[in-house]
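Here the structure comes first, spelled out in structure tokens, and everything after it is commentary.
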């Protein structure tokens, strides 16, 4: 209980990416598919998968159980409950998920996320990437459990005190998943040697994940592997970086990050010595990477034009560059959005061999589509590709003009297919559990077929349910002309380190591929030789396939199936193939992309460095092929990996050149369903004691004493269930608060005698959220008690988000006590009494998202307001309860294209346009006692229309310029009254009671119009209001201090300078009106009007402010002066809570 109360006071810094207090924006998740879920339940995991995802579910549950022990050992922690893993078939499906969409309301103190045992992964065609996601997800859950605990009190308390930088925690998670790779080594080298970054802080700001993982690898390289978990342990128990760094690394964080730079720069400079920086070829384009990224360069095989994908802020543009002309955009896909992850697969492009057609594969509204553009006729052909879950890569077949060669995902497997554009016919070339990528057609003397990259361990075999593809990628060749299910597969490479990718034919006797065998993606070549080895006869009998059977075997099989002849017989030509591979380049920076350009002997390469990607076409270098004398020296990373392997295996640690491996097949290469049975190792184990001839039995031979018991397969123990709704607590808020909940309109109560309180300055709030596993159903509820204990608020919301339309039901009730209300009763006359206002609100919202940033929202509801006068004398005792009821409607269009890199810091634009209608359903209520001269029978309708536009412009890092414009106009027989002045969430509100209220306007509701600093509330009022706010927000320490900042107070400390301009008016806005403020003397006999105008009817204020996080609450203070002179007089001080305007 103590920890729970502590968490209430010091709730952490997990601050939601929130809206302002009275205006809700929010981005969307768009569902195009109706997911039907099942799940495997294993010992430590529940693994959920949807349609066509059974094979992925099997893979994920086995890998998760297999990898958990090693991650537990490294993290020194273990899960207390089953971890939920949600598996999506593709990146496109993952983007439709509601999981992690966040909390869509403002919160001043912070949100404690309670659900810490859920992770999502997706499949992009490569099991290696899926494997890494699984390890990262498990590591994240274990680390968050270590940092924040599991029960509510422990979680809330630790969240307030532990606030590590993002690079520190995310980098540790990535390191736990895979400590370092050649790909990361190349990326970091390109970044550091570009000269763009001079400090670790700059790198961590732009690339926190890369910087963090590189830092932990630096710790491993310099201090040993044991230092990594020890450093995290010491920083965790001390709740700060400084002590951990000093105790483990013997350096301050600043010195350590400086040493990080020195360590890597020296390492990479040594790596790049004696490497050839360029190849012999012609440069097609050198594309600078700035605000836009360019990738998937596709050179035309007949000229110097090329196609490329431009990615900028979530939008993909497939464009063709013809000479120096403006690029022709063929396809625009995606949504303009600042926070958008790059699709790992789409869009894809391929030229035909003539160079007059460009095919594009992309995704639209959850469906894979094909577009073919003809450069000659300027026509476009479009087709759907429903037969594939996703396409990973494709090319045109060189001898079949309308046939595509694809690597595509189907039912959780990545295989090779051919697809005819003419008749939409598909032929499957490979069919196994392994990842078959980068297919390309090749024709060598004596043999032709498809060469591709695969992580299969051997040429034959399809694998089984328990096969976990985790081998390096090598190059294989399959005979695609053989239309039977039995195809000969030849292995062309057998690399010990790195992957072999992007294979293609080089000339008539050589093929080429890209590999990071030496730690840098260089080009390799392979000599291919094939000779005829005869013909195999295949006899198909029932489910049996007999290879060259003798007469007795054939007769026996026929008898077993009760038949006299085989079902069919096929003859298949067999070849004996051999290869020899060697490097033909030694680049300092790796090849990012490579394609065959359509002509034999010419390939393209894309190499990037210092923010420029260079596309080149290269001819075959026959001298290099003859000499084979290029020495691709291993990088420091690869050399360390080789050294560690040598020590582990007890081998000499000096480098030896391995002899070329003979890949000539010695057994049949047929892939069949029986080819992947594991070897029986029991006989070898049992032979260990054959030399024991004594009469005693040694303990080592007693079964089960010391030998490890064979584990039962995970799939055999796992149970498969259909998904039923499973709910869990999602978040908890327990804090001090003064934000507006649900409703910002109060019943009009006449001219103000004190500050307008939409809520009390300080309240105690408890709010909890519950959702199902996929966050398609959400239930939220809470209650709030003001510090004065005069009233209460509580609410309940239910959200249904499973389909394209989103629905939300809300019930809200507020009881507010007012100590002095003037009542004009037609029977009892006018009297004063304390009163209690009771508001009940029922509303239903339907939301239709057009995409991730645009949506339209319709809300309808029913509202009741009741005033109960407290009996203090006879009129209040005899008075009745006064009530009104309304039917309400609201329609709004919302655009939100912002990201929230830090608290109170946004980048981008968001706005909403809305219209409201309130229809009074009853008479004889509040209207008569507060508008005695405007009875309800004069009209029942209140209309309101408004707009709220906000733009956040980045100046430098997180230093931004924020601007907001808002306009509200109310009309009808009953209106809304806006009081202009003050700020949102004002802790010490003040009001100007001298500004009169037009009592003939028949107001139904009243509310505040903010921010207008330099003035009190009610500086002006009316049924129309216009506001312009602009301010500079500078996070001082985070911007200028070049070292990690552990303190949330310092990291979030911001200074601001602002200017606010606004006006409120009734009926018509006239610029001829001077701006006067009325002041009365103490006796009320003399009224003085002072001109305080800024510009006609507008008033303005300016000043300075500061914001920061204290005990988990984001607090702000502003000093504002009216815009009538330069810092004249004392400012008005504004103390508040919350973010943005």
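At what distance in angstrom do the alpha carbon centres of the stretch 422-465 and the stretch 360-403 lie from each other?
20 Å
log10 I(q)/I(0), Debye, Cα-only the stretch 182-297, no solvent, q = 0.12, 0.20, 0.23 Å⁻¹?
With no solvent term, the Cα-only Debye profile gives -0.55, -1.18, -1.43.
Could you give the distance between the Cα centres of the stretch 81-97 and the stretch 298-340, to the whole Å?
Cα centroid of the stretch 81-97 versus Cα centroid of the stretch 298-340: 30 Å apart.
Between rounded, prolate and oblate, where does the stretch 395-519 land on the alpha carbon gyration tensor, with a ≥ b ≥ c its root eigenvalues, rounded for a/c under 1.5, else prolate if a/b exceeds b/c?
On the way: a/c = 1.70, a/b = 1.16, b/c = 1.46.
Note, shape of the stretch 395-519 comes out oblate.
Would you order 493, 922 from fewest to most other beta-carbon atoms within 10 Å of each residue's own beta-carbon?
So the residues, fewest neighbours to most, are 922, 493.
Where does the stretch 396-455 land on Rg/Rh, using Cα atoms and the Kirkwood Rh? Walk me through the numbers before you get to the answer.
On the way: Rg = 11.8 Å, Rh = 12.1 Å.
Value, to two decimals: 0.98.
So for 80, 38, 1013, fewest C-beta neighbours within 10 Å to most, what's the order? Provide the component values of the computation, followed by the final result.
Numbers: 80 9, 38 16, 1013 28.
By the 10 Å Cβ count, ascending, the order reads 80, 38, 1013.
Starting from one equal scatterer on each C-alpha and no solvent at all, send me the Debye-based log10 I(q)/I(0) for the stretch 727-1137 at q = 0.07, 0.08, 0.13 Å⁻¹, two decimals.
Results for the stretch 727-1137 at q = 0.07, 0.08, 0.13 Å⁻¹ read -0.37, -0.48, -1.35.
Of 397, 232, how do they rank once you tally other Cβ atoms within 10 Å and put the fewest first?
Result, fewest neighbours first: 397, 232.
Just so you know, all these numbers are worked out from the coordinates, no wet-lab data involved. Values in this document were obtained by computation on a predicted structure and should not be read as measured data. Cβ atoms come from the backbone with ideal geometry, glycine included; neighbour counts cover every protein chain shown.
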